[in-house]
Structure formats: C-alpha cells, structure tokens
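Worksheet: the structure to be examined is printed underneath.
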Amino acid sequence: MVNVRNIAASLAFTSLLGGVAAHPGESREQIQREVSAHQAAQPLGRRAISACASSPNAAALKARSVARRAATAEALRRKRALTEHPLKSKRDAAGFAKWSVVDHDSTSVGYDLTTPLDTIFSSNSTCTLVPETTIGPYWVGGELIKADVTGGQAGVPLHLDLQFLDLNSCEPVPVNTLIDIWACNSTGIYSGVSAQGQGGLNSTHGRGIQSTDADGVVEFDTTFPGHYTGRTPHIHVMSTSGATILPNSTYVSTSGKPSHIGQLFFDQDLILETKALAPYASNSQGLTLNSADGIGIGEATVSYDPFVDYVRLGSDLNDGLLAWITVFVDTTADQSSNRQEAAHYYEDGGVANGNGGRPPGGPGGPAVPRVPRRSR
C-alpha cells in the first residue's frame, strides 16, 4: 500500500545489514560495501517511489490494505477477547512524518472504539531495497511454507502484514513470490544452526515462508524478536520469484531468483518495553540500542524510516501487536550469488553447511545434497 501523502517522508531501507559485531562471519569491509550501495541507491529509490505514489492503482491498493489490516486486527482482537479495549497506534501523524537523528519518534497515541479504521491503518512505512553483498550466516534452507512461525516460543505475539511492490512498475510483485523470514527468539537465539549458543540444527522457531497474493501481501504470526550482542532486534526478510515449490510445502532453495535480502526494525521505546517482560528480561546479552546498531539506524534522516508501523491489540503489550510495512523490490535484481545457506533441514534433520552457522574459526559442516524433507 502506498501512502501518497507521506511517501517522500517515509522512504525506508529494510535492506540494511548488521554491524561488525552482528553475526559471525560478517566483516567490516562487507558492511562498508553495503553502506556505499545504500547511499548510491537513495536518489533512484526516492524518484521511483515518488512516481509510484501517483500511479493509477495507488488509491485502490491503499483502500484494500486499510481494509485488510482492519479486518486482521479485529479478528485477532476477537480471538483474544480484546474487543472492549481501544487500539493504540505507534505514533501520530506528525510523528510519522519525521523522526530524530538519534531515535525514532514513536509517541503512542490512544484511539477509542469509534476512531475510523482508515485513520488507524492508513499510515504506512515504505521502503526501497538495494542489493546486498551478504545474507548473513543464519539463513536455513528447506524451511516450510507456513504462516505460523512461533514454534512454541514464548514472547509478545506479533502478526506481520508485509506487502511487496515492484519498484519499476509500482505494481505488486508477481503472485506466489516466496517471502522467507527468520529471526531470533526472545532471548536472542536463532533456530536451525549449529553455531555455539544457538538453537541447534533441528530447531525451527522463528523461520518460515509465505507466497504473495495478488496484492503482493504475505502475513506471518511470530513473536517479537529478542536481541543479542551487537544488534538491535530485527527480522530478516528475503524475496524469491520463480522458485520450484515441492509437494512437501518447501521449495528448492537454489531455485528461483532472490531479488531482495533485508531486515525489518522496531521503535526503541517498544524494544525497551518488551525487554522488561518475561522471558525477554532473562536475556543476559547486552542490549544494543537502535542508535548504536552497526547498520547506522541512528544516522537516518527524515527521508528514511526503516521501522514497521504497528498497533497494540490491547491494553497490555502481551495482548500482541499487528505490524505492517510495504517493501519496494527491484524485481530485476538477482541476488543468487549472495544466497548462502548456513544449514539445510532434510527428511531426517538439519545439516550444517561450511559457509556459515558456526562461530569464527569453527569447523564447517558437510556439503549438503538436495533431498526433500518431511513436513513439520
């Protein structure tokens, strides 16, 4: 959904990678190349998204997005018996249009039960994406096409509404574009990888795939991510078109064309409030603020807003969140050379690759054959 009023002020970059201490295997040189790529792409992205704001289909797409988000919020609230409580938005209109150099303006504002839904759900952080030089070491192939990726983990419920638009045409990306997401759990642990301190090769929480619909939308149920040393909470995202989907609800991880590899971010005040709750409070790893994250969130300007919009579904944060963002993808890009598996999950469990998923200097796993694996 394109917010035509705020499009110039809300251009965001989700294709930002972690700092030098972000993940094992990411180097300062890689980070510098990625920052340079973002800086070079900013003018092109600004012009392209501004053009999309005036496209003929923008108003209809926006109306459908507002209706979808409103219906999702009400369904979630009914499921959790929260309909007698007002929704709370992440920020007011003025806060949406600008944010400080150091920290995001995330003043919460309360809505009562008579507030028009289009007032609550029409705001939209938008983003343009640029090629990246690394996927990071914790992507796992062989994951299931599924909407619920909580994996039994405790934490603040988070429903994600992600919309993907083609930067070149202003239209939704092709139907059945696959969207991978992966993130750590509430205490900073990634599933599916063999690195010391992580969840292990046979764990699966926080990972999953969905296919985009005619509006370029996917939705996931997950938990708000925790943090680990050197990184602020974030969710990894990858889009792939033309992939071979297997009968067991996975896809061939070497097939198709990945056009975007990026990350989603959250307001600092929301992170701090979540950090005070169980089980997040038990995380002994140091919390890195947005302003200190190696990707340089603190240096963003009024023109670039890399944070998702969200509403609180009830009066208590543990009642859950609905978050949304529109992702502009350059569908002509091909990031196949940057798509590297840390591990792959097969019929009889996970197998590590030699190119990631381990501490620096640790032994790599065996090369993995491409075989199907069971549903789980």
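Residue count for region 143-200 satisfying the condition of being in contact with a Pro (Cβ under 7 Å, 6 or more places away or on another chain), surrounded by fewer than 23 Cβ atoms within 10 Å (Cβ to Cβ) and free of Cβ contacts under 8 Å to residues at least 60 places away in the same chain: 0.
Contact map, region 334-358: residues that are surrounded by fewer than 19 Cβ atoms within 10 Å (Cβ to Cβ) paired with residues that are at pLDDT 85 or above and among the polar types (S, T, N, Q), Cβ distance under 9 Å, separation 6+ or inter-chain. Pairs shown: D334/S259; S336/T254; E347/N248; G349/N202; N355/Q340.
Scanning region 255-262 for any residue that is in a loop (DSSP other than H, G, I, E, B) and among the hydrophobic types (A, V, I, L, M, F, W, C) turns up nothing.
Which one is nearest to D267 (Cα to Cα) among residues in region 201-232 that are buried (at least 23 other Cβ atoms within 10 Å of the Cβ) and either free of Cβ contacts under 8 Å to residues at least 12 places away in the same chain or small (G, A, S) (or both)? Filtering first and then ranking leaves G226.
Taking strands (runs of 3 or more DSSP E) as the structural unit, those lying wholly within region 297-368 and holding at least 1 residues that are more than 23 Å from Q153 (Cβ to Cβ) and at pLDDT below 85 correspond to 309-312, 321-329. When we screen V237, V218 for residues that are within 22 Å of W324 (Cβ to Cβ), aliphatic (A, V, I, L, M) and modelled with pLDDT of 95 or more, the only hit is V218.
Scanning region 256-284 for residues that are surrounded by fewer than 16 Cβ atoms within 10 Å (Cβ to Cβ) and among the polar types (S, T, N, Q), which turns out nearest to R312 (Cα to Cα)? Among those residues, the one meeting the criterion is S282.
Residue-by-condition table, conditions (1) at pLDDT 95 or above; (2) of a type in the set (F, W, Y):
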{"position": "W182", "(1), (2)": "yes, yes"}
{"position": "H205", "(1), (2)": "yes, no"}
{"position": "Q210", "(1), (2)": "yes, no"}
{"position": "T232", "(1), (2)": "no, no"}
{"position": "Q268", "(1), (2)": "no, no"}
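The values are calculated or read from the model by the stated rules, or taken from the named source; none is laboratory data. In this text, all values refer to a predicted model and were calculated from it rather than measured experimentally. Don't worry about glycine lacking a Cβ; one is built from the backbone with ideal geometry, like all the others, and counts go over all protein chains shown.
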